[in-house]
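Below is one structure; the comments refer to it alone.
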Amino acid sequence: MRLFGLIGQPLTHSFSASYFAEKFIREKNSDCQYQLFPLEKIELLPDLLAEYPSLEGLNVTIPYKEAVLPFLSTSFIPEGLNACNCIRIRNGNCEGYNTDCIGFEQSLLPLLQPRIQAAMVFGNGGAAKAVFYVLKKLGIPYTVVGRTAKDGINKTFNELTASDIQAHQLLINTTPLGTYPAVEGCPPIPYESVGAGHTLYDLVYNPSCTSFLNAGLERGARIKNGAELLQIQAEESWKIWNQTDKR
């Protein structure tokens, strides 16, 4: 049996297991299995690999996309993108990749219009790194907003004004705020300043319409959740796990 899985904490919100289960049935991969492996701390990864020697690949989610980097034997992550969401395991060695950047770019491109001149990104964790990478690649300037002032944060949520929101037509939530089961959560921004000229993108996909997205929808903004990103990055991970080349 070929074994694949997802590491993170918590994993109650994840659709990855059901996505791959359906994929394996659809594509008649009866020798494949995908499991959830919640880890209390990333230091338990070597123990997991020892316990499941048949593991061929792992996806990585919150909060370990950055913390997993020291455990990689080899990295094929694009330069400047310091986060890993996909691991290929060969002979006990972990090869690191980032397929989030592919998923985010492909899902974002149809939303881009000339009126989007700047983006505002909520959060600066591992999930945000792929967003930064793609925005830089596309030449879209962005402002990073977090809870506290620290390196990598341009503004705190408490400092945001109506003019800040109006100056950024693309608003992206990379935090877990609003993820099931805590569905009432959302980035604390002045939503009264959001309008029809805005596009709201939430990396959260469970629920499909988060409080963040619903607030934009009520004010005429275009919205998108992270479901397509999930699907694209999962398919890219599958390609990596099945590649036969030694790079």
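Laboratory data are not the source of any read-out in this text; all were calculated from the coordinates shown. From a predicted model like this one, the values you see are computed outputs, not experimental measurements. Heads up, the Cβs are rebuilt from the backbone with ideal geometry, glycines too, and the neighbour counts pull from every protein chain shown.
What the table below lists for this structure:
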{"item": "Dmax and Rg, reported as Rg then Dmax, of the chain (C-alpha, Å)", "result": "18.4, 56"}
{"item": "Residue 192/residue 117 FRET efficiency (R0 22 Å; Cβ-Cβ; nearest 0.05)", "result": "0.55"}
{"item": "Ellipticity estimate at 222 nm from DSSP helix runs (n ≥ 4, -39,500 (n - 2.57)) divided over the chain, nearest 500", "result": "-8500 deg cm²/dmol"}
{"item": "Length-normalised contact order for the chain - Cα pairs under 8 Å, 6+ apart - percent", "result": "15"}
{"item": "Order of 30, 107 under a 10 Å beta carbon neighbour criterion, fewest first", "result": "30, 107"}
{"item": "Cα-centred dipole magnitude for segment 161-247, charges only on beta-carbon of K, R (+1) and D, E (-1), debye, nearest 20", "result": "260"}
{"item": "In order through segment 45-62: 3J(HN,Hα) via Karplus (6.51 cos²θ - 1.76 cosθ + 1.60), integer Hz, x for Gly, Pro", "result": "4, x, 5, 4, 5, 5, 6, 10, x, 8, 4, 10, x, 9, 9, 10, 10, 3"}
{"item": "Relative contact order for segment 61-149, counting Cα pairs under 8 Å that sit 6 or more residues apart, in percent", "result": "28"}
{"item": "Within the chain: Cβ-based charge dipole about Cα centre, in debye rounded to nearest 20 (Lys, Arg +1; Asp, Glu -1)", "result": "440"}
{"item": "Separation of alpha-carbon centers, segment 190-247 and segment 101-143, rounded to whole Å", "result": "11"}
{"item": "³J(HN,Hα) computed for each position of segment 63-71 - Karplus, 6.51 cos²θ - 1.76 cosθ + 1.60, integer Hz, glycine/proline x", "result": "x, 10, 5, 9, 5, 7, 4, x, 8"}
{"item": "Local electrostatic count at residue 192 - Lys and Arg +1, Asp and Glu -1, tallied over other residues with Cβ under 15 Å", "result": "-1"}
{"item": "Charge tally in the Cβ shell below 14 Å around residue 84, where Lys, Arg are +1 and Asp, Glu are -1, residue 84 excluded", "result": "-2"}
{"item": "Cβ crowding within 10 Å averaged over residues, with 75-82, 125-132 ranked highest first", "result": "125-132, 75-82"}
{"item": "Dipole magnitude (debye, nearest 20) for segment 102-228, charges at Cβ of Lys, Arg, Asp, Glu", "result": "300"}
{"item": "Of 35, 54, 170, farthest towards positive along the dipole that unit charges on Lys, Arg, Asp, Glu beta carbons give the chain", "result": "170"}
{"item": "Cut-off under 5 Å, modelled amide H: who pairs with residue 144 long-range", "result": "121, 154, 155"}
